[in-house]
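A.B. asks: Before anything else, here's the structure in question.
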Amino acid sequence: MDDDAGGIVLFVGTIRNQTDGRRVKSLEYQVYRRMAQREIAKLEEEIRRRWPVKSITLVHREGKLKVGDVSVVVAVSASHRGEAFDAARYAIDRIKDSFPIWKREKFKGGRYSWVRGTPIQSHHTSIPEEEKPETNVRGIVRQRTRSLVEA
């Protein structure tokens, strides 16, 4: 924890028990890991450029999860709460619309359905190479069961 941080925002996304009135038993996230690792590193760089954040932690799980399990965590600290809220909101929105993560729900009765989401969008940034912060993707990713990426 940074003593200079005046605000910390924590978003925790969980697996809910229904979708459109249908009972969800569990779900599975499938991930294009290599691309997701690159995207999470780029997202962290972008957030650090846009907001004066002190620290960022982004985690998305993969594999089979049950109702109530945590699927995604975004934690951001900044000097002021507004910056922390804005950066955290931006992070979760980008993860949802730009990352190669697919969700398949299993419903009560054994039926499966791929969740129809937002098509992956490209968010290009034009940052000169010399201004990009150093990011070591290997240092960002920790191989753990059901964990995708941490930044």
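Bear in mind that the values in this text are calculations on the coordinates, not laboratory data. Note that the structure is a prediction, hence the values are computed from the model and not measured. Cβ placement follows ideal geometry from the backbone for every residue including glycine, while neighbour counts extend to all protein chains displayed.
A.B. asks: Can you compute the modelled spin-label distance between Glu28 and Val70, with each label point 7 Å from Cα toward Cβ, in nm?
C.D. replies: Distance between label points: 2.4 nm.
A.B. asks: State, in angstrom, two size descriptors of segment 17-98 derived from its alpha carbons: Rg to one decimal place and Dmax to the nearest whole number.
C.D. replies: Reported Rg and Dmax, both Å: 14.7, 42.
A.B. asks: Quote to one decimal, in nm, the extra length available between Trp114 and Asp93 on full extension: 0.36 nm per residue of separation minus the C-alpha distance between them. Display every interim value, and only then the final one.
C.D. replies: Working: separation 21, 0.36 × 21 = 7.56 nm, distance 1.97 nm.
Contour length minus the Cα-Cα distance gives 5.6 nm.
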